[in-house]
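The values are calculated or read from the model by the stated rules, or taken from the named source; none is laboratory data. These numbers come from a predicted model, not from an experiment. All Cβ positions, glycine included, derive from the backbone under ideal geometry; neighbour counts span all protein chains shown.
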Amino acid sequence: MHQITIKFATGIVTGLLAFNVSIADEVIYLKSAEPCRIKAYPAPDTAPLSEKLNCGEKASLLERQGRFVRVQISEDRIVWVADRNIAVEAPAEQKVLRLMEYQKKIEAELASLNDQVNRLSETSSKLIEALIAAEATKKK
């Protein structure tokens, strides 16, 4: 009977370890319902940390415990977050923010190119005026 209990316990532990290993590399994104700030916890069912995480951050799912998940945000940053604050895809609002940043970058590049075109146009106009003036002085 004792040997069966040990085998049963070993089987459960092995199963749990296998489960944790299988989800350790799962990439997830942080999300929130409201102002894109997520509470982080040092452990499940404890008071939240004072700093908050940004939604849309990519993280690795390490472990699930009740309604909390342990995530690795960076090489040296591991915290717990409520499981309702994770998603397998980047939140839509984060995609929109990235697209808006990209749009601003393109608009800035276009403005710079437009300035260059205007400067070239002014220079060309001045050169044409100078050529016309030079031709007019030759004819006199």
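General remarks:
- Every residue from segment 46-66 that is at positive phi and modelled with pLDDT under 85: Gly56
- Selection within segment 67-107 - among the basic types (Lys, Arg), over 14 Å from Ile28 (Cα atoms) and modelled with pLDDT of 85 or more: Arg67, Arg77, Lys104, Lys105
- Hey, Ala47 part of a strand (DSSP E or B) and in contact with a Phe, Trp or Tyr (Cβ under 8 Å, 6 or more places away or on another chain) or not: no
- Here Leu99 passes the criteria (1) among the aliphatic types (A, V, I, L, M); (2) farther than 18 Å from Arg37 by Cα; (3) assigned by TED's automatic domain parsing to the domain that holds Asp45 except the one numbered (3).
- Scanning segment 50-99 for residues that are without any contact (Cβ under 8 Å) to a residue 12 or more places away in the chain, closer than 13 Å to Ala40 by Cα and surrounded by fewer than 16 Cβ atoms within 10 Å (Cβ to Cβ) yields Ser50, Glu51, Arg77.
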